[in-house]
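Take a look at the structure below.
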Amino acid sequence: MTIYHVEYTPLFEENLKRYRSMRRQIRRKVGRVLKDPYAGTERLGKIPGGKDLRGCRSIRITRNFRIIFVVCEECRRVPACKFCFCEELPGETVVFITVGPHERAYAVREEPVEYAVAL
């Protein structure tokens, strides 16, 4: 069984604070993703409205709440990925990009940002 490392973008950490009431559910889903990022998650592509989320995945927290993340080993194989922050990270890394209500989560920014290393 592969052990995945975790990284969080500042946007993810900011939204984790914003949605305090959901924190327990978010942490539970993060743990589930780290065990197997491909089980029960959805591979994203171009979505209506023009956002190109190829290379990203999402997992549902509630009916209208999502976590958006990338798995570095998968992201590197998607040349069109605009959210790959994996250049210097091992392939067994999951980078959590954002969390929030459906419409807000899928409106994630496209410019790369520095991420926080989880200890």
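The values are calculated or read from the model by the stated rules, or taken from the named source; none is laboratory data. On a predicted model such as this, the values are computed, not experimentally measured, just so you know. For neighbour counting, all protein chains shown are included, and Cβ atoms are generated from backbone atoms with ideal geometry for every residue, glycine included.
Data for the structure
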quantity	calculated
Pairs where the first residue, in region 1-30, is under 13 Å from ILE68 (Cα atoms) and modelled with pLDDT under 95 and the second is of a type in the set (Gly, Ala, Ser) and surrounded by 15 or more Cβ atoms within 10 Å (Cβ to Cβ), C-beta under 7 Å, 6+ apart	ASN15/GLY100
Search result, residues across region 87-102 that are part of a strand (DSSP E or B) and either under 20 Å from GLY31 (Cβ atoms) or hydroxyl-bearing (Ser, Thr, Tyr) (or both)	THR93, VAL94, VAL95, PHE96, ILE97, THR98, VAL99, GLY100
Filter result for PHE85 (at pLDDT 80 or above and among the aromatic types (Phe, Trp, Tyr))	no
Evaluation of LEU34 against (1) modelled with pLDDT of 95 or more; (2) of a type outside the set (Val, Ile, Thr); (3) more than 20 Å from GLY91 (Cα to Cα) (one fails), failing number	(3)
Check on VAL99, modelled with pLDDT of 85 or more, closer than 23 Å to HIS5 by Cβ and in contact with a Leu (Cβ under 9 Å, 6 or more places away or on another chain)	yes
Residue check, GLU73 out of contact with any helix residue (DSSP H, G or I) (no Cβ under 9 Å at 6 or more places or on another chain) and at pLDDT 75 or above	yes
